[in-house]
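Visitor: This structure is in structure tokens; I'll ask about it shortly.
Just so it is clear, none of the values below were taken in a lab; they were calculated from the coordinates. Note that the structure is predicted; figures quoted are calculated from it, not measured. Virtual Cβ from ideal backbone geometry, glycine too; neighbours counted across all protein chains shown.
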Amino acid sequence: MTDRSDLIRRAGELRQQAEGEADQTIRDRLTRMADHYMHLAESQNWSEAHPADASSLGEVFTKPH
């Protein structure tokens with residue numbers, strides 16, 4: 001898995017690249033990509049703070065719906 005700081009750094013690079021882009025469509029696409037990288041970094045941060053264990057994974061299969 002990619003390090004959280006690498007994801008944040010890449011998001012910053014994409015935003016910077018978007019600022020210099022003349023084409024609005026490409027600028028929007030780069031900004032969306034940066035947003036996705038930030039979301040991945042936040043998700044990874046949450047996953048590290050809330051690690052799954054075997055009992056919690058077992059509940060997925062045994063908990064009534």
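Visitor: Quick check: net charge around Ser47, other residues with Cβ under 14 Å of its Cβ, Lys/Arg +1 and Asp/Glu -1?
Guide: -3
Visitor: Taking one equal scatterer on every alpha-carbon of region 4-62, how large is log10 of I(q)/I(0) by Debye at q = 0.12 1/Å?
Guide: At q = 0.12 Å⁻¹ the computed log10 ratios are -0.43.
Visitor: Which order do peptides 42-48, 28-34 fall in by mean Cβ count within 10 Å, highest first?
Guide: 28-34, 42-48
Visitor: Within the set of other residues whose C-beta is less than 12 Å from the C-beta of Gln16, count the net charge using Lys and Arg as +1 and Asp and Glu as -1.
Guide: +1
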